[in-house]
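Each remark here refers to the structure printed beneath this line.
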Amino acid sequence: MPDKDVAFIPGNGYIKRSESKLFVNVGTDDAPEWELQGDRNEELSHELNPNVESGEDVTGATYADLDKYEEETDVETYRARRESKWAAILYNIIKYRKTLTDVVHQFLIVNTFAGADGAYDAWVQKAVVAVQSHAGDTKGMNMPYNIHWTGERIHGTFNLETLTFTPNDAAVAPEAQTLRATAGTTTKASDKA
């Protein structure tokens, strides 16, 4: 459950898609380095895939129950860049046909439309990474992958300048303590905004 609901989103007008950012941890849990995803993607949706059961009870009333989400994000285009640590991780998943815990990675969603400079609304969550294919056409090495979200979210804020995630309440999740470390500068989010 979230620590608190966002009471408002400042400003007027439509929220730009570029104001919701997806990062992957290319470092370690103890020393995270956040690399921005979405290069060459015109669409990058976080599918909630809600499980809804509906029916009609004996009184004739219809009902619907939502009991869980099976969240997934499809990164249909991932053009591998030589300087990307994430490209090397994906390459090794392909090369060694990694499975199980070897394909679990940490992701971060940052919503710059909620919050203020240095404290944007964000959450960290683990996910299974399933690489779908590699190679592709003449435009470059493509390694499309799916993110199958697992576990609980750790809610907090993210600073785009320092690439640092700060949990709302570190006591909620012990592993959140490690996320206070300043992340590397693999890809500066402000350069991609």
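The values are calculated or read from the model by the stated rules, or taken from the named source; none is laboratory data. Everything numeric in this text was worked out from a predicted model, so none of it was measured. No Cβ is skipped: glycine too gets one built from the backbone with ideal geometry, and neighbour counts run over all protein chains shown. All accessible areas refer to the heavy atoms of the entire protein, side chains included, with ligands and DNA or RNA removed. Shrake-Rupley method; radii C 1.70, N 1.55, O 1.52, S 1.80 Å.
For the reader, a short list of remarks on this structure follows.
- Calculated SAXS-style log₁₀ I(q)/I(0) at q = 0.16, 0.22, 0.28, 0.34 Å⁻¹ - the stretch 64-109, Debye, Cα scatterers: -0.62, -0.98, -1.27, -1.25
- For the stretch 24-125, taking Cα atoms only, Rg and Dmax work out to 18.9, 63 Å respectively.
- Here the Karplus relation 6.51 cos²θ - 1.76 cosθ + 1.60, evaluated at θ = phi - 60°, turns the backbone of the stretch 44-49 into coupling constants of 8, 9, 9, 7, 7, 6 Hz, with x for every Gly and Pro.
- When the pairs Lys68/Lys139; Lys95/Lys139; Lys21/Lys95; Lys16/Lys139 are compared against a 32 Å limit on Cα-Cα distance, Lys68/Lys139 fall above it.
- What separates the Cα centres of the stretch 26-42 and the stretch 112-169 is a distance of 6 Å.
- The stretch 22-91 - accessible surface per residue (Å², probe 1.4 Å): 65 Å²
- Applying 1/(1 + (r/R0)^6) with r as the Cβ-Cβ distance of Ala135 and Phe113 and R0 = 30 angstrom yields a FRET efficiency of 0.25.
- Nearest-0.05 FRET efficiency for Glu53 and Arg81, computed from C-beta distance (R0 45 Å): 0.55
- Candidates per GluC sites (Glu not before Pro) in the stretch 43-74, loop by DSSP, up to 14 other Cβ within 10 Å: Glu43, Glu70
- Translational diffusion of the stretch 70-169, µm² s⁻¹ [Kirkwood Rh, Cα pairs; Stokes-Einstein; 25 °C; 0.890 mPa s]: 164 µm²/s
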